[in-house]
Structure formats: structure tokens, C-alpha cells
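Input: a single structure, listed below in C-alpha cells.
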Amino acid sequence: MARTFADISISLDGFAAGPSPSLEDPLGVGGMQLHEWAFRLAAWRKPHGLEGGEAGPEAEVVERTQAATGAFVMGRKMFSNGDGPWEDDPKADGWWGDDPPFHGPVFIVTHHAREPVEKLGGTTFTFVTDGVAAAVEQARAAAGGKDVQVSGGASVVQQALELGLLDELQLHIAPVLLGAGTPLFPSGTPGRLEIVETIASTYATYVRYRVA
């Protein structure tokens, strides 16, 4: 049965990005450290058009997640780090160039409407102005019976959790203490998670939770 799940990297103290994010440093001060576990993996590098990389347990998680995912949901900040009219956004086409790594439909939660954007490799960006629930609904319809991945940022994941839209939560917990930044769970939403799978490595601890 198809899932709707979130997949996101966080620090040991619960931050999904560091302080002072900017166009030049979209993950904030120290935020890139949260993703070092992925940058070294061949399974992550190949969809991004990069050569080389390593195998290992985390690579198997990445490969499995890629194979299971039929559509993606993300926020405007993750897409371009913008928040105003598209004509004023220097990254209005996203961070990933002409051939993004998604190779499927991606639904962007935004306050500013625009026509869908088709990219090479099968990626289509659709811009949803009716909120997270509407974006997830559209993603489920477009996923072709496969899973829907809520990719971030923290606000979109939090909203999806609060709205009861998530079946599972996949966290890649980096051995980093950022001390400040964007918390994944700023509102302290009450609830219970059941651990489904745990994989530990030198670079991060991967935990897959079922949302009870």
C-alpha cells in the first residue's frame, strides 16, 4: 500500500537548518553538515548528475526510497528560498538546473501562483496555492500508486504531521549540534511514533517511524 512519508535530515538537537539562512547559504550556518551523510553516496550522487561515491547501508535506504517514490511535495523555501512574487525570485526555477534529481512530479506549496514548469528527465514542478493538504492530495493522484515523499522544509513536514497526512517519518539524524536554527518540531505537537527501522553509521543515524 502506498505511503505518504516525510524524509528529512536533522541535527542531534532537532534542527533541520542552521541559523541565518540566505540565498548564498540556504541551509543556514552549519546546515550543510546535516547532509554530509548523503553527499558521499553513489545512490545520491547519480540522480544529481555526479560521478563516483560509496555504497553501504545508507545507500540502500536512498535507493529503496527512490524506487518507492512516485511524487514529491516541498515548500517554497526548499524549492528556491524565495517568499515573494516569482518575478523577484533569483532562483525561480529552483536549485537543480535543467535536469533536477526528482524525475517525477513535484508539488510546491506556495502563496504565489504560476504555471507548471517541465524540466528534463521527467521532472515537472506544479505550484499549489491551497496549502499542504491540497499539495499532498495532488501528489497522491499523480504518484501512480507509488509513495508520496514530503521532502521539506521543516514547516511543510510539521504541517503534514499536524494535519494527519503522514504515514511514516524518515529522519537522518546527523551527529551535529547546531544550537540554533529551524527546528523540525517547533510547536511540540503531541503524538506518538513507533520505530520501524534503525540504521546507524559513522555519518548519521537513520530512523524510520510509523505515525501512530
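The values are calculated or read from the model by the stated rules, or taken from the named source; none is laboratory data. What you see is a predicted model; the values in this text were computed from it and never measured. Reconstructed Cβ throughout: ideal geometry from the backbone, glycine too, with neighbour counts over all protein chains shown.
Numerical summary
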| quantity | calculated |
| --- | --- |
| Considering residues of the stretch 183-212 that are among the polar types (S, T, N, Q) and modelled with pLDDT of 95 or more only, the residue nearest to Ala38 (Cα to Cα) | Thr205 |
| Strands (runs of 3 or more DSSP E) contained entirely in the stretch 3-90, each with at least 1 residues that are of a type in the set (Val, Ile, Thr) and within 16 Å of the chain's Cα centre (by Cα) | 4-11, 69-75 |
| Subset of the stretch 56-72 (residues that are surrounded by fewer than 17 Cβ atoms within 10 Å (Cβ to Cβ) and modelled with pLDDT of 90 or more) | Glu60, Glu63, Arg64, Thr65, Ala67, Ala68 |
| Unmet requirement for Thr123, which otherwise passes all of (1) surrounded by 15 or more Cβ atoms within 10 Å (Cβ to Cβ); (2) touching a residue at least 40 places away in the same chain (Cβ under 8 Å); (3) not aliphatic (A, V, I, L, M) | (2) |
| Complete set of residues in the stretch 161-190 that are outside any strand (DSSP E or B) and within 22 Å of Pro26 (Cα to Cα) | Pro175, Val176, Leu177, Leu178, Gly179, Ala180, Gly181, Leu184, Phe185, Pro186 |
| From Ala134, Ala139, residue being under 19 Å from the mean Cα position of the chain (by Cα), assigned to a helix (DSSP H, G or I) and crowded, with 16+ Cβ neighbours inside 10 Å | Ala139 |
| Hits in the stretch 193-212 - residues which are touching a Ser or Thr at 6+ places or on another chain (Cβ under 9 Å) and part of a strand (DSSP E or B) | Thr198, Ile199, Thr205, Tyr206, Val207, Arg208 |
| Residue list for the stretch 97-114, filter: touching a strand residue (DSSP E or B) at 6+ places or on another chain (Cβ under 8 Å) and exposed (fewer than 14 other Cβ atoms within 10 Å of the Cβ) | Ala113 |
| Residue count, the stretch 96-111 (criterion: touching a helix residue (DSSP H, G or I) at 6+ places or on another chain (Cβ under 7 Å) and either touching a residue at least 40 places away in the same chain (Cβ under 8 Å) or of a type in the set (A, V, I, L, M) (or both)) | 5 |
| Residues of the stretch 1-43 satisfying the condition of being charged (D, E, K, R), over 25 Å from Gly53 (Cα atoms) and without any contact (Cβ under 8 Å) to a residue 12 or more places away in the chain | Glu24 |
| Single unsatisfied condition, Ala174 versus (1) over 17 Å from Met78 (Cβ atoms); (2) small (Gly, Ala, Ser); (3) touching a Phe, Trp or Tyr at 6+ places or on another chain (Cβ under 6 Å) | (3) |
